[in-house]
Amino acid sequence: MSLHSTAQSLVSLAAEPGHEGGHASLSPFVTGGGALFILLLLLWITTRFNRDR
């Protein structure tokens, strides 16, 4: 199966009516903001434990 046909099948699955694409209460901004906060927290923790400098 080629990459192009795989991408076309995924697009057709995403475009099917009746699928809203996730839970109605999950806001993309809240999800993205939470992910950004977690990544920044992990970055801060990593830099605190890096005592090589």
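In the range 28-53, how many are open to solvent by 80 Å² or more (accessible area, probe 1.4 Å), at pLDDT 75 or above and more than 18 Å from the chain's Cα centre (by Cα)?
Looking only at that region, the number is 5.
Residues S9, S25, S5: which one is at pLDDT below 85, surrounded by 10 or more Cβ atoms within 10 Å (Cβ to Cβ), of a type in the set (S, T, Y) and out of contact with any Leu (no Cβ under 7 Å at 6 or more places or on another chain)?
Of the residues listed, the single one that is at pLDDT below 85, surrounded by 10 or more Cβ atoms within 10 Å (Cβ to Cβ), of a type in the set (S, T, Y) and out of contact with any Leu (no Cβ under 7 Å at 6 or more places or on another chain) is S9.
The values are calculated or read from the model by the stated rules, or taken from the named source; none is laboratory data. Given the structure is predicted, the values throughout are model-derived calculations rather than measurements. No Cβ is skipped: glycine too gets one built from the backbone with ideal geometry, and neighbour counts run over all protein chains shown. The protein model used for the area step is the full one, side chains on, heavy atoms only, and it has no ligands, DNA or RNA in it. Shrake-Rupley method; radii C 1.70, N 1.55, O 1.52, S 1.80 Å.
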